[in-house]
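The values are calculated or read from the model by the stated rules, or taken from the named source; none is laboratory data. Everything numeric here is computed off the predicted structure, so don't read it as measured data. We place every Cβ from the backbone using ideal geometry, glycine too, and count neighbours over all the protein chains shown.
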Amino acid sequence: MTTTQLRHDSGRMTTAVHPSTRKTVTPHRAARIAGISYIAIFLLAIFANFVVREGMVEPDNAAATVANITGSIGLFRLGMIAFLVIFVVDVVISWALHMIFREVDHDLSLGAAWFRLVYTTFLGVALVFFYQVLQLVGDSGIAAAYTADQVNAQTMIALESFNNVWLVGLVAFGVHLVIIGYLLIRTGYVSKVLGYLLIAAGVAYGLDTVAHTLLDNYSDFANVFLAMVAIPSMVGEGWLGLWLLLGKKFAA
């Protein structure tokens, strides 16, 4: 069978392209796209999460938190933009990773992509609460209906709602990492240590969310859970990003 066929359609001659001739993104190219995207997310997340969110929010002091945001409202808006870019780039990574691993196990690769997309959706929903903060501390006129104490309280509730929605989404992200880690172990493309690191990070994300839910005194163990999540996650995802960008061996 030839790659193209002529067919008659409503009196016109049209060209039908055989599916095998359609251009598709190779795993090599998808890996480069994913690698660049991972580096972009890494840099944006440092700014958005650590410089803006954690840098401005003082959990036990609502008045100071509102003062920090109003005093650096431009920085807060830039943090929101960074989160929005992460929201979009995460979709690109979901697609790119599926393109890389679909020849290894199509169903698992697709499942990993879906779990990351679920997480990304939760991140997008969480960002709605940042817009609520802007309405409370900005010049929208909404804050005029509240006293200063009420504005402070509502702002902290919105910021905590952002954390909670994101926390739920991280469970789906954890499942995504577990699947990607398993696929890496199966492929032999890279050291199995990377696969186990990603699996450990994925499990840690899930355990952290469960701990937030079950422990009334979670704050007493916050540093322990932070280390449990951050170490395998930063090392594993950083390694994954570099390997995707620089690696040579992928499925055909």
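Can you tell me which residues in the stretch 56-70 are without any contact (Cβ under 8 Å) to a residue 12 or more places away in the chain and either closer than 9 Å to Thr155 by Cβ or surrounded by 15 or more Cβ atoms within 10 Å (Cβ to Cβ) (or both)? Glu58, Ala67, listed by residue number. Yes or no: the stretch 15-24 includes at least one residue that is of a type in the set (Gly, Ala, Ser) and at pLDDT 85 or above. No.
With respect to Thr121, is the statement that it is assigned to a helix (DSSP H, G or I) and modelled with pLDDT of 95 or more true? For Thr121, the condition - assigned to a helix (DSSP H, G or I) and modelled with pLDDT of 95 or more - is met. Identify, please: which residue in the stretch 215-246 is assigned to a helix (DSSP H, G or I) and of a type in the set (D, E, K, R) and is, among those, modelled with the lowest pLDDT? Checked the stretch 215-246; the qualifying residue modelled with the lowest pLDDT is Asp220. Among the residues of this structure, Ile86 counts as one that is buried (at least 20 other Cβ atoms within 10 Å of the Cβ), of a type in the set (A, V, I, L, M), closer than 19 Å to Ser161 by Cβ and modelled with pLDDT of 90 or more.
The set of residues in the stretch 147-162 being touching a residue at least 24 places away in the same chain (Cβ under 8 Å) and within 26 Å of the chain's Cα centre (by Cα) consists of Thr155, Met156, Ala158, Leu159, Ser161, Phe162. The residues on offer are Leu117, Leu167, Leu134, Leu127, and the sole one that is surrounded by fewer than 20 Cβ atoms within 10 Å (Cβ to Cβ) and either over 19 Å from the mean Cα position of the chain (by Cα) or β-branched (Val, Ile, Thr) (or both) is Leu134. So, Asp149, is that one farther than 28 Å from Leu84 by Cα, outside any helix (DSSP H, G or I) and either small (Gly, Ala, Ser) or out of contact with any Gly (no Cβ under 9 Å at 6 or more places or on another chain) (or both) or not? When the stated conditions are applied, Asp149 does not pass them.
Only residues that are of a type in the set (A, V, I, L, M, F, W, C), touching a residue at least 60 places away in the same chain (Cβ under 8 Å) and surrounded by fewer than 23 Cβ atoms within 10 Å (Cβ to Cβ) were counted across the stretch 100-112, and they come to 2.
Taking each residue of the stretch 199-214 that is assigned to a helix (DSSP H, G or I) and surrounded by 18 or more Cβ atoms within 10 Å (Cβ to Cβ) and looking for partners that are of a type in the set (S, T, N, Q) and at pLDDT below 95 with beta-carbon atoms closer than 9 Å, six or more apart or interchain, yields Ala200/Ser233; Ala201/Ser233; Gly202/Ser233; Ala204/Ser233; Tyr205/Ser233.
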